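The values are calculated or read from the model by the stated rules, or taken from the named source; none is laboratory data. No experiment lies behind these values; they were computed from the predicted model shown. Counting neighbours? That spans all protein chains shown, and the Cβs are built from the backbone with ideal geometry, glycine included. Side chains included, ligands, DNA and RNA excluded: accessible areas come from the protein's heavy atoms. Shrake-Rupley method; radii C 1.70, N 1.55, O 1.52, S 1.80 Å.
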Amino acid sequence: KQWYQRRVRAQPMQHPRPQHYVQQPVTVVQSPAPYTPQAGLSITVAQAVLNKSYTLIGSMDPYVRLKVGHNTYETFTHGGADKTPCWNKVYHCPLPNTHSVRTVSVEIFDEKALTEDQRIAYAKIAVPDSVFQGHTLDEWFPLSGKLGEGKEGSINLIISYTTMPMITLPYQRIHYPYMGAAPEHFTPPPPPEIKESDVTAIKDMFPEVDKEVIRTVLESKHGNLDSAVAAILDIMGSGDSNQRQN
């Protein structure tokens, strides 16, 4: 009896299938790969050295706009870097083939708070055949602008051709000093109203300074008379020190 009970317990229970039961085929669904590898240029916008500062007050806030084929990429703004900005930003730029893009366009802008950003330098760089053969190009390229062809300074780019997951989105922009996009209802504040009496008062204090310069300084200081006077004193002081050095 004990042997029979053990034997019964060892047998698995089986349930008869209904006659209408039809076993369904099992379909294995493979999840797509998150990124599709594609050949393209890897471009590092490293740093730049500029020969002239184009701002009247304070320092320039430079950023780079990079154009590769039909795509446009932009770095963050290096606030206060003036003539020696550094970005070290890497961009992966997909290319349909090695003959589609042979030049890269670079522009450096000074970001403005109240006016349109000012382009201060630019360059058109030819990508040599050695890059598409596996060599990495790490060079300084001359920049052109108001000072003349190749006289605005230079920019350091690192360019290579490789196969990689193309996850870089075109036209990336991080504005300084904001870290996120402005809300849709955001409207920039109106420019400050500059009193002619304040312009005249500063002109009496600094007869050698042009009125348009005074008005620009007042606008940058939001109409604050004391701040504008202090800024002009700083400008004139730095100018005197440069003359003594020369």
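Summary table below
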| quantity | calculated |
| --- | --- |
| Matching residues, the stretch 226-246, being open to solvent by 60 Å² or more (accessible area, probe 1.4 Å) and either at pLDDT 75 or above or assigned to a helix (DSSP H, G or I) (or both) | Asp226, Leu233, Asp234, Ile235, Asp240, Asn242, Gln243, Arg244, Gln245 |
| The stretch 112-159 - residue that is of a type in the set (Asp, Glu) and over 21 Å from Val90 (Cβ atoms) and, of those, nearest to the chain's Cα centre (by Cα) | Asp117 |
| Every residue from the stretch 41-64 that is over 17 Å from Glu116 (Cα atoms), open to solvent by less than 60 Å² (accessible area, probe 1.4 Å) and over 12 Å from the mean Cα position of the chain (by Cα) | Leu41, Ser42, Ile43, Ala48, Leu50 |
| Gln118 vs. criteria over 30 Å from Tyr54 (Cα atoms), surrounded by fewer than 17 Cβ atoms within 10 Å (Cβ to Cβ) and at pLDDT below 95 | no |
| Scope the stretch 197-210; condition among the charged types (D, E, K, R), open to solvent by 90 Å² or more (accessible area, probe 1.4 Å) and modelled with pLDDT of 85 or more; matching residues | Asp204 |
